[in-house]
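Below is one structure; the comments refer to it alone.
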């Protein structure tokens, strides 16, 4: 699918790539078309091997002079877009980390406060689900910069992530201790 997006998918007699689309909306449509194309080619062979065709893609970015946009593309090729009311999208395991984002993230969250919040969310997921593991690949892109601001691979020995893990655990224990017991327990 990634190679199709780089080399091109035929659209109205021309090859269209992620580099030739006029908008992020069209890019999301193209990703959906690539997913459907791969399924048409490989779907039957995957089913014969009892392999699920289960792909979800987060597509975010900005074209020069346009607004930044974020889409989640589903296995059927359809997609949704993040909005001020839904300021983040998430793929993969979400039972443990998403509640943290739901409670604290907003459209107005400052970029690096958002990074910190995402790492707290990832720590909760890593701690509670053995099928999720390190490393965490982090990419920060600031609106209108038209370039990546930060790219970091976070591993078990990352000092900042270790500090997040320890302080978040301590803060949860402290919050739990300060909540009074129910008055109906006697």
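The values are calculated or read from the model by the stated rules, or taken from the named source; none is laboratory data. As the structure is a computational prediction, the values presented were derived from the model and not from experiment. When we count neighbours, we look across all protein chains shown, and the Cβ atoms used for this are built from the backbone with ideal geometry, even at glycine.
Test each condition in (1) touching a residue at least 12 places away in the same chain (Cβ under 8 Å); (2) within 22 Å of residue 137 (Cβ to Cβ) for residue 23 and report the one that comes out false.
Failing condition for residue 23: (2).
Of all residues in segment 82-114, which are surrounded by 15 or more Cβ atoms within 10 Å (Cβ to Cβ) and either touching a residue at least 40 places away in the same chain (Cβ under 8 Å) or in a helix (DSSP H, G or I) (or both)?
The answer is 98, 100, 101, 114.
Scan segment 130-137 and give yes if some residue there is surrounded by fewer than 12 Cβ atoms within 10 Å (Cβ to Cβ) and in contact with a strand residue (DSSP E or B) (Cβ under 8 Å, 6 or more places away or on another chain), otherwise no.
So in segment 130-137, the residues surrounded by fewer than 12 Cβ atoms within 10 Å (Cβ to Cβ) come out as 130-131, 133, 137.
Those still in the list that are in contact with a strand residue (DSSP E or B) (Cβ under 8 Å, 6 or more places away or on another chain) too: 137.
Among the residues of segment 130-137, at least one is surrounded by fewer than 12 Cβ atoms within 10 Å (Cβ to Cβ) and in contact with a strand residue (DSSP E or B) (Cβ under 8 Å, 6 or more places away or on another chain), which makes the answer yes.
Out of the residues in segment 19-32 meeting the condition of being more than 19 Å from the chain's Cα centre (by Cα) and within 11 Å of residue 61 (Cβ to Cβ), tell me which one is surrounded by the fewest Cβ atoms within 10 Å (Cβ to Cβ). Walk me through how you get there before you give the answer.
Looking only at segment 19-32, we keep the residues that are more than 19 Å from the chain's Cα centre (by Cα), and these are 19-23, 26.
After this cut, where a residue has to be within 11 Å of residue 61 (Cβ to Cβ) as well, the list is 21, 23.
On the way: 21: 18, 23: 12.
Result: 23.
Of all residues in segment 1-22, which are outside any strand (DSSP E or B) and over 17 Å from residue 41 (Cβ atoms)? Show your work before the answer.
Pass one, segment 1-22, residues outside any strand (DSSP E or B): 1-8, 12-13, 17-22.
Correct list: 12, 13, 17, 18, 19, 20, 21, 22.
Looking at this structure, is residue 157 over 30 Å from residue 19 (Cα atoms) and either part of a loop (DSSP other than H, G, I, E, B) or free of Cβ contacts under 8 Å to residues at least 60 places away in the same chain (or both)? Talk me through it step by step, then tell me what you get.
Working: over 30 Å from residue 19 (Cα atoms): yes; either part of a loop (DSSP other than H, G, I, E, B) or free of Cβ contacts under 8 Å to residues at least 60 places away in the same chain (or both): yes.
Against the criterion (over 30 Å from residue 19 (Cα atoms) and either part of a loop (DSSP other than H, G, I, E, B) or free of Cβ contacts under 8 Å to residues at least 60 places away in the same chain (or both)), residue 157 qualifies.
Would you check if residue 147 is under 29 Å from residue 62 (Cα atoms) and loosely packed, with under 12 Cβ neighbours inside 10 Å? Give the steps one after another, and end with the answer.
Numbers: under 29 Å from residue 62 (Cα atoms): yes; loosely packed, with under 12 Cβ neighbours inside 10 Å: yes.
Here the answer is yes, as residue 147 does meet what is asked.
Does at least one position in segment 118-133 carry a residue that is modelled with pLDDT of 95 or more, part of a helix (DSSP H, G or I) and over 16 Å from residue 168 (Cβ atoms)?
There is no residue in segment 118-133 that is modelled with pLDDT of 95 or more, part of a helix (DSSP H, G or I) and over 16 Å from residue 168 (Cβ atoms).
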